[in-house]
Protein chains: 2
Amino acid sequence: MKILCEKNELLSGINIALRAIPSKTTMEILDCLKIKTEGDSIVLIGNDMSLGIETRVKGTIVEEGSLVVNAKIFSEIIRKMPDSEIVFEANETTANIKCEKINFDIAVRSAMDYPDLPTIEKNNYAEMSQLTLKDMIRQTVFSIGPDSDQMKAMTGELFEIKDRTFRIVALDGHRISLRKVELNEDYGNQKVIVPGKTLNELLKILSGELEDKVKIFFSQNHILFEMDNTIVLSRLIEGEYYQVDRMISPDYETLVKINKREISDSIDRATLLLKENEKKPLIFNMQDNEMEVKLKTPFGKFEEKLLMEKEGSDIKIAFNPKFMLDALKVVDDESINIYFMNTKSPCVIKDKNETYMYLILPVNFNDD
Amino acid sequence: MKILCEKNELLSGINIALRAIPSKTTMEILDCLKIKTEGDSIVLIGNDMSLGIETRVKGTIVEEGSLVVNAKIFSEIIRKMPDSEIVFEANETTANIKCEKINFDIAVRSAMDYPDLPTIEKNNYAEMSQLTLKDMIRQTVFSIGPDSDQMKAMTGELFEIKDRTFRIVALDGHRISLRKVELNEDYGNQKVIVPGKTLNELLKILSGELEDKVKIFFSQNHILFEMDNTIVLSRLIEGEYYQVDRMISPDYETLVKINKREISDSIDRATLLLKENEKKPLIFNMQDNEMEVKLKTPFGKFEEKLLMEKEGSDIKIAFNPKFMLDALKVVDDESINIYFMNTKSPCVIKDKNETYMYLILPVNFNDD
């Protein structure tokens, strides 16, 4: 195998395929990237057995072939090469990587040893902007649950298409995060649970450009994200997702409109009195047009008064400040609406069209 | 005690005093900052018993006083306040910190509990630009030795004034780093060992402006750095420093002139084949006008050829690549001179006037 490729071209391909290399594994072969030639492309493949990524870069193929190379060493070598043409030439055991007057020799293995990505049927798909998908994942994925065998569905996100509406939902038992968007075409209905790890890697691969498209293929056990030069193939989480719509009530007793920046800054300030991972109730005392934000910990007391607009009754309620901040961080609106029912029911932060909806359960508090 | 102070003014003072707050301590009081009023200044003091920092900021003193407050909480509170005036009002147990509509209440303690900074005699001093001192420390401090009771002197740097020349030396048994500068006046001769920790904190306090001056006071057991609004007072390390001048020979067999950037980049590339803290000899093979840089590890082989100018004999010699990189990083010259004697003697990187001198011991190697 002998290939020629511009350093930056090759490096950007490697960086994508690296996303599927596990940080820890007992199978040594999974620490490797597979490199193969295909027409005038160099194909780079990473695979951790539940997530597989395949990306192609343009290059000159002098001699065809395929092999497997340690991902970390190979990526570091290419990263530290000058901005020039890389010549990669390998026999069965060793690859020589040359750039200008620099030479690296590293070990390679047979591509036969590397696990193939599963082949899936490409019957059902939907298409959208990479920017849209990236935003929707970013704005929900923080509220998936921690790794757990009992509640596997919580460790992923619901991807649901119904009547041309695409909806993503994440929940962890204390909160629900939900984003939806109208699709341009009718792609049929779908409902799958995508692992959180896949989504976190996908976030770093999706381009963030409105014009760039991504096709999502749905199959029995897998989901496939197809972009221009890259595919991301992931196992799905088996089982039923939670009945989210039953958990959200449209009723409310109090509606508060408040400046998002001001309430975020206030909570951020309050939480400096908390040690890492310490939980204390953050109290919102809403009377007339004033929201009093209060927090008390062994370190001291915090209190700030914010202006707001209120419809409905006064209410005093408390939340885990982290959950409140997480939701506020991903809402882009300058002014937000928060809906309250009573001190025991969740509050809901949402816009008029419910393109976003963040539901957070309150916590008990003792305000003396 | 009641004081008023602009947030940013107060915060920059706190950030300086914080440098003397130990990250870990068994004496709880050392986790605190002392705050006291003095004329129209607010004085902030940190003290870890071997290093003390005192800095003053302008403010309005409504009621005089002094107290002690948890450094971390207090600094976080001020950091997260809006860019506006802070009102700090305290009784014997509690301080109220107010800014706009934000209120924090935190515990305070009596200033009586806090250890005073030692008073030193200010007879002997030298003055120089803060930029000069900062550069000289930065360019040497990386080669002080690790913490050790046996070789205490290695954990600090030699500060030596002799015939108007100020010299800083650091060494760790494998290398010596040395910087010197001419002073504008004759301040008399001095020779002390300053702890590495003091120097690392000082690096973050010195301004880096040529016009800003620092006075260095030398006393029996302490060194005092006096800047505009801040003093840094440190214990000295007791004992004799090493006879550095005996370790450096002006003789050489080979002089190599090489582009600093090219040799640094080459070593940087080679070291990616090393695991963290792994040691392998980096071989320089210098023949005619070519320097061959080579490194071999279980991961693979590296080889690069660099152009150079050479006077004297050919030589093949090996070094710890980290030590070589450390020295090259802090040399600002575009082209450097490296002096070699033989494969068992240290190489020396230095300029004509010896304003800098980096001596590095070679390592054994086996080049097959």
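Only counting other Cβ atoms within 10 Å, I'd like A:Y339, B:Y252 sorted with the fewest neighbours first.
Exposure proxy ranking, most exposed first: B:Y252, A:Y339.
Cut-off 20 Å, label point 7 angstrom out along Cα-to-Cβ of B:Q287: give me the residues of the stretch B:254-273 whose amide nitrogen falls inside.
Label zone hits: B:254-258.
On a C-alpha basis, how far is the centre of the stretch A:307-368 from the centre of the stretch B:37-87 in Å? Whole number, if you could?
Here the answer is 36 Å between Cα centres.
Using only the alpha carbons, work out the radius of gyration and Dmax of the stretch A:248-360 in angstrom.
Using the Cα atoms of the stretch A:248-360, the pair Rg, Dmax is 13.4, 42 Å.
Around A:L224, under 9 Å between beta carbons, what's the net of Lys plus Arg minus Asp minus Glu among the other residues?
Values: positive: A:K122, A:K215; negative: A:E226.
So the surrounding residues net to +1.
Give me the net charge of A:D186's neighbourhood, meaning all other residues with Cβ under 13 Å from the Cβ of A:D186; Lys, Arg count +1, Asp, Glu -1. Can you show the working numbers first?
Working: positive: A:K162, A:R164; negative: A:E127, A:D163, A:E182, A:E185.
Once all neighbours under 13 Å are counted, the net charge is -2.
What lysines does B:K215 reach when the alpha-carbon gap must be under 20 Å and sequence neighbours fewer than 8 apart in one chain are set aside?
Partners within reach: B:K122, B:K134, B:K162, B:K180, B:K191, B:K197, B:K204.
In terms of Cα to Cα distance under 15 Å, which aspartates and glutamates are near enough to B:K36, apart from those fewer than 8 places away along the same chain?
Result set, ordered by chain and number: B:E54, B:E63, B:E64, B:E89, B:E92, B:D113, B:D116.
Can you give the mean number of other chain Cβ atoms that lie within 10 Å of the Cβ atoms in peptide A:272-284?
Values: counts 8, 6, 0, 0, 0, 0, 0, 0, 0, 0, 0, 0, 0.
Counting other chains' Cβ atoms within 10 Å and averaging over A:272-284 gives 1.
Among the listed pairs A:K72/A:K98; A:K294/A:K352; A:K280/B:K80; A:K72/B:K322; A:K2/B:K301; A:K350/B:K98, which are separated by more than 24 Å between their Cα atoms? Walk me through the numbers on the way to the answer.
On the way: A:K72/A:K98 17 Å; A:K294/A:K352 28 Å; A:K280/B:K80 19 Å; A:K72/B:K322 20 Å; A:K2/B:K301 19 Å; A:K350/B:K98 33 Å.
Flagged as over cut-off: A:K294/A:K352; A:K350/B:K98.
What share of all Cα pairs of the protein assembly as shown, in percent, falls into each consecutive 20 Å distance bin?
The percentages, shortest bin first, are 14, 31, 38, 17, 0.
Using a 10 Å cut-off around each Cβ of peptide B:109-117, what is the average number of partner chain Cβ atoms that fall inside?
The shielding value for this peptide is 0.
Once the label point is set 7 Å along the Cα-to-beta-carbon vector, what list of distances in nm do you get between A:K152 and its counterparts in the other copies?
6.3
Taking a point 7 Å out from Cα toward Cβ as the label site, list the nm distances between A:P118 and the same residue in every other copy, smallest first.
7.1
From the label point of A:D83, set 7 Å from Cα along Cα→Cβ, how far away are the matching label points in the other copies, in nm, ordered shortest to longest?
Nearest first, the other copies' label points are 3.4 nm away.
In square nanometres and to one decimal, what's the mean projected area of the convex hull around the Cα atoms of the stretch A:124-243?
Directional mean of the projected Cα hull area for the stretch A:124-243 stands at 6.8 nm².
Once you list every other residue whose beta carbon is under 11 Å from the beta carbon of B:M128, what net charge do they have if Lys and Arg are +1 and Asp and Glu are -1?
Taking every Cβ under 11 Å from that of B:M128, the sum is -2.
Taking the number of other C-beta atoms within 10 Å as the exposure measure, put B:I338, B:I258 in order starting with the fewest.
B:I258, B:I338
If you take the alpha carbon radius of gyration of the stretch B:138-188 and divide it by 2.2 N^0.38 Å, what ratio comes out, to two decimals? Numbers along the way, then the final one.
Values: Rg = 12.4 Å, N = 51, 2.2 N^0.38 = 9.8 Å.
Rg over 2.2 N^0.38 Å, computed on Cα atoms: 1.26.
Using the alpha-carbon centroid of each, what span in Å lies between the stretch B:234-292 and the stretch A:181-221?
52
State whether chain A is rounded, prolate or oblate according to the following rule on the C-alpha gyration tensor (a ≥ b ≥ c being the square roots of its eigenvalues): a/c under 1.5 gives rounded; otherwise a/b larger than b/c gives prolate, and the remaining case gives oblate.
Prolate, because a/c is 1.5 or more and a/b exceeds b/c.
Over all residues in B:292-304, what is the mean tally of Cβ atoms on other chains that come within 10 Å of each residue's Cβ?
4
None of the figures in this text is laboratory data; all of them are computed from the coordinates on show. Here the structure is a predicted model, which means the values were calculated and not measured. FYI the Cβ positions are ideal-geometry reconstructions off the backbone, even for glycines, and counts take in every protein chain you see.
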